[in-house]
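Asks: Here it is, the structure in full.
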Amino acid sequence: TKTRVVIAMTWMIVGGVERVMLNIIKGLDKHLFEVHILTCLPSSHPWHDEFEKAGARITHVATIINEKWSSTYASRYVADYVVSVNADSLLITNSSPAYHALPHIRSRLSTCRTYDLLHTHGTPQEDDAFLKISMPFDQFIDRRIVIDKYLKDYYCKRYPIDPGRIDVIYNGISDESYGHAKELAARPRGPYSPQSRICIAYVGRLDTDKSTMRLIKIAKRCGDAKIPIKIEIYGDGPA
């Protein structure tokens with residue numbers, strides 16, 4: 001009997017979480033695991049084909065229950081789907097409909113284990129984002145996963161949760177993730193002495209939800225404090 005895993009994510013974009021999910025699915029033994037993916041917000045789904053090639057069964061909930069419907073319907077759809085496939089595990093990553101579906105899932109499928117992957121606490125404007133959204137459903141979440149110890153400490157200080165139920169799994173980045181990585185590495189750089197300057201490197205998507213403007217604030221404060229630094233940025237995006 002295969003272990004049935006349902007992954008509920010916000011959307012499917014070319015981002016860090018999706019890349020990690022894809023690598024995990026590629027590494028699973030298809031004879032032992034059956035993977036289902038539910039995306040819960042509209043997007044172009046540029047990685048749909050890659051996930052499908054990896055053996056995942058994909059449903060874009062937003063194409064079935066769109067924004068004209070109450071959000072309650074999306075949550076019930078997620079719950080019905082998880083129960084209908086008799087899922088052994090549910091992995092949520094930043095999906096509000098999936099969090100709201102948890103009471104319905106637990107009442108109908110008590111054997112399903114729930115894991116919550118929180119890869120960020122959000123920008124200040126988001127007010128902790130999905131950390132806060134998920135808290136009312138904490139009793140239905142068996143374990144949480146965060147990408148660094150900072151986020152675990154931050155979470156435990158602000159919310160009433162048992163730190164023993166949070167696992168830290170660091171989010172690694174392969175230099176093959178960016179097609180232009182070698183080109184960037186080959187570019188000539190200005191004079192740099194490790195003894196005299198501190199190098200701060202950022203690797204990732206340049207977007208507001210990554211708080212990339214903090215780099216500007218860091219540079220300004222270091223400049224005001226006469227701290228010699230240089231900042232290198234690797235990535236692309238709208239910001």
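The values are calculated or read from the model by the stated rules, or taken from the named source; none is laboratory data. None of these values were measured; they are calculated from a predicted model. Positions of Cβ are generated from backbone atoms using ideal geometry, with glycine treated the same way; all protein chains shown enter the neighbour counts. SASA here: full protein model, heavy atoms, side chains in, ligands and nucleic acids out. Shrake-Rupley method; radii C 1.70, N 1.55, O 1.52, S 1.80 Å.
Asks: Mind checking region 24-109 for chymotrypsin sites (Phe, Trp or Tyr not before Pro) that DSSP puts in a loop (not H, G, I, E or B) and that have at most 16 other Cβ atoms within 10 Å?
Replies: Of the chymotrypsin sites (Phe, Trp or Tyr not before Pro), the ones in loops of region 24-109 whose Cβ has at most 16 other Cβ atoms within 10 Å are TRP69.
Asks: For region 28-80, which trypsin sites (Lys or Arg not before Pro) are in a loop by DSSP, counting at most 14 other Cβ atoms within 10 Å? Numbers along the way, then the final one.
Replies: Details: sites: LYS30, LYS53, ARG57, LYS68, ARG76; in loops: LYS30, LYS68.
When the trypsin sites (Lys or Arg not before Pro) of region 28-80 are filtered for loop state and at most 14 Cβ neighbours within 10 Å, LYS30, LYS68 remain.
Asks: Could you pull out every one of the lysines with an alpha carbon less than 20 Å from that of LYS26, ignoring same-chain neighbours closer than 8 positions?
Replies: List returned: LYS2, LYS53.
Asks: I want the local charge near VAL168. Using Cβ-Cβ distances under 13 Å, sum +1 for each Lys or Arg and -1 for each Asp or Glu among the other residues.
Replies: Once all neighbours under 13 Å are counted, the net charge is +2.
Asks: Identify all lysines with a Cα-Cα distance to LYS230 below 30 Å; exclude those on the same chain that are fewer than 8 residues away in sequence.
Replies: Reachable lysines: LYS149, LYS152, LYS182, LYS210, LYS217, LYS220.
Asks: Give me the net charge of TYR154's neighbourhood, meaning all other residues with Cβ under 10 Å from the Cβ of TYR154; Lys, Arg count +1, Asp, Glu -1.
Replies: Local net charge: +1.
Asks: What accessible area per residue comes out for region 28-76, rounded to a whole number of Å², with a 1.4 Å probe? Don't jump to the answer; show the numbers that get you there.
Replies: Details: 2970 Å² over 49 residues.
Accessible area per residue, region 28-76: 61 Å².
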